[in-house]
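Q: Okay, handing you the structure first.
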Amino acid sequence: MTALSTLYSVIYQFGDNFAYLVLAALGLAVIFGMMGVINLAHGEFIMCGAYVTIICAKRGIPLPIAMLLGAVAAACAGVVIERLVIRHLYDRLFDSVVATWAISLIVQQTMLLVAGPSMEGISTPFGSFVFGEYSFSTYRAVLPIIALCVLGALYWLFFRSNYGVCARATIQNANMAQCLGLRTDHLYTLTFALGAGLAGLTGALYAPTMTAVPTMGTNFIVQAFVSVVVGGANVIAGTTPAAAILAVIQTALTASYGQLIGQIGLLLTVIMVIRLMPQGLGNLFNRTR
Amino acid sequence: MLPDMSRWLRIAVTAGLTCSSIAALAADPIKLGLLEDASGNFALATIPKIHATELAVDEINAKGGIMGRPIKLIAYDTQSDNTKFQELSRRLIQTDKADVIFGGFSSASREAIRPIMDRAHQLYWYNNQYEGGVCDSNVFVTGAVPEQQFSTLIPWMMQKYGKKVYTIAADYNFGQISAEWVRNIVKANGGTMVGEEFIPLSVSQFGQTIQNIQKAKPDFVMTLLVGANQASYYEQQASAHLNLPMGSSVNVGQAYEHKRFKAPALKDMFVTANYVEEVDSPASNDFKKRFHAKYPNEPYINQEAANAYDAVYLYKAAVEKAKSTDQTAVRKALEAGNICTDGPSGKVCIDPKSHHLSHTIYLVHVKEDHSVEIPKVWDNVQPYWLDQVGCNLPLKPDHRQYTPSSLPSKS
Amino acid sequence: MIQPASGAVSPTLRQPVLPRLLRLAPWVLAFCLPLVVDANASGNFAYYLVWAFAAVGLAAMWGQGGILSFGQTAFFGLSGYTYGIVTLNLGDGWLSSWSGLIIGLVVSAGGAALLGYMIFYGKIKGVFIGIVTLSVTLVLETFMAQTAGPQWVIGEARLNGYNGMTGMPPLTLPWFGGPVTLENTSFYYLVLVLLAVVYAFTRRLLDSPFGLALVAIRENPQRAEMLGIDIRRHQLLIFVLGCTLGGLSGALYTIWGSYITPSAMGLTSAAMPVIWVATAGRKSIGAAIIGTAVLVWLSQWLAIYGSEYALILMGAVLLFVVLAAPEGLLPFVSDRARWVFTRRPSKSRSFETQKRSES
């Protein structure tokens, strides 16, 4: 029984780390992986989703609806930012570093002034369950499954829906897509909003487990960027295996040597994977381009 | 927006007071420089400090200032950034010519500006709890130190809950030194450390840590976690139903986690702090009334707010004793002893040898609904460790920080 | 006859006098500055300029070579800590402090060579270089932050973890009647002289065939390779130069403040050189110097006068600059100035062939 519970504990940890990496990375994978925009304000979309979720939940709205509202709010914020700022930067994508950094500064500080340095959060739902000598949080055990559902939904969106075809066409060759009659500017806005909405969803999902401060988004940034870059340009087939590999390494190291080695090990793994596969993992799955 | 209104109100009141003081006395103001983070990661805990300092300055100015001279508060927002601390402390010393400088939250920010203060022989007050050990002629500390917080907390918890202790601490100086103190006191009281984990400051996911604690089966957990990232531990351990009592020297009293997390995340958390908002004494209630009159929207009045408030009054007492603001004279007055003030936590006095402050230590117990009770109070706990290891600033000027594993050389 | 771009022609031919004087003007102003401001303000200006070395290095790497590195602060910290370790062990004398500086630069160069070898000879390109350098920086930061214990000591120097290493001596020069400490005005002149040397050297390097090869590599690596240029060697060399300049910033910062801490290698700090260079204009190293100094000054000015709105205003300024001035702030200003003075459109010095999306 102890061996079984220890085994489950390892699986639980892996699922926890995997969910964190994948959910942190998805929004950024769409915006950076697909559009090439380096979005340093990714953390702020996450924060937006979390704050909206908490405010709605405290007003009495059921938690799943509150989370959806959080994601939608972040998506709307994404539309606004794309229209005002990002669309001027498509021919000079490196400058998106400065623009999104500036937006991140402004948003964080404004949130601090408007909402105060902290806000009372919400509790994690679903309680806990006991298995062997450990007790686990039910919600966190379910998070990896939610992450996989989100990935599945994204797959469906990109490969089975009209929007998906148009978006992939625009990413591959914007000029040709425009010649064929696609409204590329609308598509860019929609894609950016999708990325922002996914980030908001991450914030919403993690809101019951974390403290609500204006800088809460910065927790996710490093993990998001490394997962996206290691994964390469392909959102589904790149980011997911990248998150899985990084999660395995991080789980193993943290369990054996502690959190410090886990963190350092994660970063060193990133360096090694990039060194071994300079185009990112997604390339392994690319047949034609 | 209310914060803006109170800010304008503050400006108007300060302007009015300053005008009246100047009109009445036409005296040269005493410049108090303040370096605190009004924005950035640390603002959560430091905004009450800034407000408390402003409250003390306004009160003193309303009563005529120090020796008839008004205090001019020159406050800069250091944005939780060490380089800003360095730049702005230079400005306070060289351009503004501050008579005294208060400030610093993280130990890194204090250590960044201590060399600058020392080079200029500038009087500097650090009004925050920390890992202890600063034996510096120019520095006075009103924050609580480990010997005051742990030597009271740990024996009490071991008596109540048992002798097996697990520590999780932030993986940097403060956490490591505090963990060392915990280890030593647990052993001295006949207990065992069943585990010790150090967590980097950027980590916010504690799944593995919670499993490790469950495996080790301690009687209680010492949580020495710092920062908003690490505070997520409390919600995560509650949702995993870890259900162990916790002890801390740094949570609740500084960053009011019991108000920021939904119950019962901090159930059975015991903290030793030199002040919390929930203290129900005449001095504390009067302080709270005045504080909330000026800042009605303050989320919490933490122990650092009390430290900062006391510091202004202690400085006033020292200047009055020295009859001058000359920094050497003020330092000598402080080192002569008997500089005390009656603050929100009662009477506190500067210890001349170590430049630290004696404290009333309150044992704070957070209950399941996050209400607070105070089962025990220790009066007049001295900062004895530095004296014990040989720090004697009136006789032996010094500029270093010592730790239990890096003691002053015996000479 | 095809007119080559301005930098490639011998400077004595067909260069009107006024633009050359204008280019020297900032240097003359800078040298005369201590005559009009007091010693403390000079010390403050020296602080603004200390960061310019890292910016020059990044501008050379990124603007000319197309290598976006988030690692400037890693070498910043590496040199800073090396200076601290050397001087805390060797004592307070002038030999100790100068050797600390030199050894700090050597360590940075060595580290950059190793990292660059792994990156460029491993064929890592584009944004991956940014992520790898960022990871290295964060590994260093995470590692150094936990070195608080007594076992983390090199000779006499405790690494001291997150609290940082402190107590290093400043630079001194031997002089008749006792050593002279370089601080405030004298430190300002030291930094200015170093900056002038670095600027002249980098300018010559970037205008030389080596620099032209870098541009070719940036624009089209395969074509450059087919023309016989060893891409990896060129990239490695400019990377080493850029990172060593980052290290020079770090050593000077440590000397200025007697303090170095792991948070100088954190995520925010790592992004700052990129932000400065991107805002100031990465195609021109002169712009990088002035832009960085202005942005550091602005950040300080806002912290003093902007109170809690400082960061919002900073963000607004950056946003405005990046939207209104695509090439960077200084090229924008200098283009307008050049147009006003000479009524001629500018010839860009870094041989931008055509506008195309960055990759």
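Q: If we scan segment C:220-234, do we find a residue that is touching an Asp or Glu at 6+ places or on another chain (Cβ under 8 Å) and surrounded by 15 or more Cβ atoms within 10 Å (Cβ to Cβ)?
A: Yes.
Q: If the Cβ limit is 6 Å and pairs must be 6+ apart or interchain, which residue in segment B:214-235 that is within 16 Å of residue B:199 (Cα to Cα) pairs with which residue that is aromatic (Phe, Trp, Tyr)?
A: B:221/B:166; B:225/B:233; B:233/B:206; B:234/B:261
Q: Based on this model, can you work out whether residue B:132 counts as closer than 20 Å to residue B:387 by Cα, assigned to a loop (DSSP other than H, G, I, E, B) and within 14 Å of another protein chain (Cβ to nearest Cβ)?
A: The answer is yes for residue B:132.
Q: Determine whether residue A:69 is in a helix (DSSP H, G or I) and either within 12 Å of chain B (Cβ to nearest Cβ) or polar (S, T, N, Q) (or both).
A: no
Q: Right, residue C:253: crowded, with 24+ Cβ neighbours inside 10 Å and either among the acidic types (Asp, Glu) or over 17 Å from the mean Cα position of the chain (by Cα) (or both) or not?
A: So residue C:253 does not fit the description; no.
Q: Which of the following residues is in the same structural domain as residue B:120 (by TED's automatic domain parsing) and either modelled with pLDDT under 90 or aromatic (Phe, Trp, Tyr) (or both): B:68, B:40?
A: That would be B:40, the only listed residue that is in the same structural domain as residue B:120 (by TED's automatic domain parsing) and either modelled with pLDDT under 90 or aromatic (Phe, Trp, Tyr) (or both).
Q: Being aliphatic (A, V, I, L, M) and buried (at least 24 other Cβ atoms within 10 Å of the Cβ) narrows it down to one of B:186, B:165, so name that one.
A: B:165
Q: Hey, another quick one. Determine whether segment B:78-89 contains at least one residue that is out of contact with any helix residue (DSSP H, G or I) (no Cβ under 9 Å at 6 or more places or on another chain), part of a helix (DSSP H, G or I) and farther than 18 Å from residue B:334 by Cβ.
A: The first filter runs over segment B:78-89 and keeps only residues out of contact with any helix residue (DSSP H, G or I) (no Cβ under 9 Å at 6 or more places or on another chain), leaving none.
No.
Q: Among what's in segment A:120-172 and is among the β-branched types (Val, Ile, Thr) and either under 17 Å from the mean Cα position of the chain (by Cα) or within 14 Å of chain B (Cβ to nearest Cβ) (or both), pick the residue that is surrounded by the most Cβ atoms within 10 Å (Cβ to Cβ).
A: In the first step, residues of segment A:120-172 are kept if they are among the β-branched types (Val, Ile, Thr); the result is A:122, A:124, A:130, A:138, A:142, A:145-146, A:150, A:165, A:170-171.
Add one more test, that the residue is either under 17 Å from the mean Cα position of the chain (by Cα) or within 14 Å of chain B (Cβ to nearest Cβ) (or both), and what stays is A:122, A:124, A:130, A:138, A:142, A:145-146, A:150.
Working: A:122: 21, A:124: 23, A:130: 11, A:138: 17, A:142: 15, A:145: 11, A:146: 15, A:150: 18.
Among those that are among the β-branched types (Val, Ile, Thr) and either under 17 Å from the mean Cα position of the chain (by Cα) or within 14 Å of chain B (Cβ to nearest Cβ) (or both), it is A:124.
Q: Oh, and also: Residues of segment B:367-411 being outside any loop (DSSP other than H, G, I, E, B) and of a type in the set (A, V, I, L, M), which ones? Let's see the steps before the verdict.
A: Taking segment B:367-411 first, the residues outside any loop (DSSP other than H, G, I, E, B) are B:372-381, B:384-389, B:399-401, B:403, B:406.
Scanning segment B:367-411 gives B:372, B:374, B:377, B:381, B:386, B:389.
Q: Same structure, new question: Out of A:248, A:226, report the one residue that is surrounded by fewer than 20 Cβ atoms within 10 Å (Cβ to Cβ), over 25 Å from residue A:159 (Cβ atoms) and among the hydrophobic types (A, V, I, L, M, F, W, C). Walk me through how you get there before you give the answer.
A: Values: A:226 fails: surrounded by fewer than 20 Cβ atoms within 10 Å (Cβ to Cβ).
Selected residue: A:248, the only one of A:248, A:226 that is surrounded by fewer than 20 Cβ atoms within 10 Å (Cβ to Cβ), over 25 Å from residue A:159 (Cβ atoms) and among the hydrophobic types (A, V, I, L, M, F, W, C).
Q: If you don't mind, there's one more thing I want to ask. Quick check on segment C:157-171: of everything there that is among the small types (Gly, Ala, Ser) and over 24 Å from the mean Cα position of the chain (by Cα), which residue is farthest from the other protein chains (Cβ to nearest Cβ)?
A: Only one residue fits best here, namely C:157.
Q: Report whether or not residue B:227 is at pLDDT below 90, over 18 Å from residue B:277 (Cβ atoms) and under 19 Å from the mean Cα position of the chain (by Cα).
A: Yes.
Q: Let me ask you something else. Regarding segment C:236-248, can at least one residue be identified that is within 13 Å of chain A (Cβ to nearest Cβ), part of a helix (DSSP H, G or I) and over 30 Å from residue A:87 (Cα atoms)?
A: no
Q: Shifting gears a bit: So if I check each of C:340, C:321, which one is under 20 Å from residue A:96 (Cβ atoms) and either at pLDDT 70 or above or surrounded by 19 or more Cβ atoms within 10 Å (Cβ to Cβ) (or both)?
A: C:321
Q: Sticking with this structure for a sec: Any residue that is more than 30 Å from residue C:121 (Cβ to Cβ) and not in a helix (DSSP H, G or I) - is there at least one of those in segment C:198-214?
A: No, segment C:198-214 contains no residue that is more than 30 Å from residue C:121 (Cβ to Cβ) and not in a helix (DSSP H, G or I).
Q: Suppose we keep only residues that are aliphatic (A, V, I, L, M) and over 23 Å from residue C:19 (Cα atoms) within segment C:278-298. Which one would you say is surrounded by the most Cβ atoms within 10 Å (Cβ to Cβ)?
A: C:278
Q: Taking the options C:56, C:106, C:136, name whichever one is among the hydrophobic types (A, V, I, L, M, F, W, C) and surrounded by fewer than 24 Cβ atoms within 10 Å (Cβ to Cβ).
A: Just a single option satisfies the conditions, and that option is C:106.
Q: In segment C:131-140, is there at least one residue being under 17 Å from the mean Cα position of the chain (by Cα) and at pLDDT 95 or above?
A: No: segment C:131-140 contains no residue that is under 17 Å from the mean Cα position of the chain (by Cα) and at pLDDT 95 or above.
Q: How many of the residues making up segment C:79-98 are touching a Leu at 6+ places or on another chain (Cβ under 7 Å) and among the small types (Gly, Ala, Ser)?
A: Selection size over segment C:79-98: 3.
Q: Of the residues that make up segment A:78-89, is at least one within 30 Å of residue B:262 (Cβ to Cβ), buried (at least 20 other Cβ atoms within 10 Å of the Cβ) and touching a Gly at 6+ places or on another chain (Cβ under 7 Å)?
A: Yes, because at least one residue in segment A:78-89 is within 30 Å of residue B:262 (Cβ to Cβ), buried (at least 20 other Cβ atoms within 10 Å of the Cβ) and touching a Gly at 6+ places or on another chain (Cβ under 7 Å).
Q: Return the residues of segment A:127-153 that are farther than 21 Å from residue B:213 by Cβ and not β-branched (Val, Ile, Thr); say none if nothing qualifies. Explain how you work it out, then say what you get.
A: Taking segment A:127-153 first, the residues farther than 21 Å from residue B:213 by Cβ are A:142, A:144-153.
Listed by number, the residues that qualify are A:144, A:147, A:148, A:149, A:151, A:152, A:153.
Q: Determine, yes or no, whether residue B:99 is at the interface with another protein chain (Cβ under 7 Å from one of its Cβ atoms), in contact (Cβ under 8 Å) with a residue 12 or more places away in the chain and not polar (S, T, N, Q).
A: No: the conditions fail for residue B:99.
Q: Residue B:314 - would you say it is touching a residue at least 24 places away in the same chain (Cβ under 8 Å) and more than 30 Å from residue C:160 (Cα to Cα)? Steps first, please.
A: Working: touching a residue at least 24 places away in the same chain (Cβ under 8 Å): yes; more than 30 Å from residue C:160 (Cα to Cα): yes.
For residue B:314, the condition - touching a residue at least 24 places away in the same chain (Cβ under 8 Å) and more than 30 Å from residue C:160 (Cα to Cα) - is met.
Q: Let me ask another. Tell me which of these residue A:26 doesn't satisfy, since it passes every other one: (1) within 25 Å of residue A:152 (Cα to Cα); (2) within 14 Å of chain B (Cβ to nearest Cβ).
A: Condition (2) is where residue A:26 drops out.
Q: I'd like to verify a number: residues in segment B:159-196 that are within 12 Å of chain C (Cβ to nearest Cβ) and not polar (S, T, N, Q), how many? Let's see the steps before the verdict.
A: Our first condition is that a residue be within 12 Å of chain C (Cβ to nearest Cβ); within segment B:159-196, this holds for B:169-180.
This time we only want the ones that are not polar (S, T, N, Q), so: B:169-172, B:174-175, B:177, B:179-180.
The number of residues fulfilling the criteria is 9.
Q: Let me ask another. Report, by residue number, each residue of segment C:192-241 that is of a type outside the set (Val, Ile, Thr) and in contact with a Phe, Trp or Tyr (Cβ under 6 Å, 6 or more places away or on another chain).
A: Selection gives C:232, C:235, C:236.
The values are calculated or read from the model by the stated rules, or taken from the named source; none is laboratory data. From a predicted model like this one, the values you see are computed outputs, not experimental measurements. We place every Cβ from the backbone using ideal geometry, glycine too, and count neighbours over all the protein chains shown.
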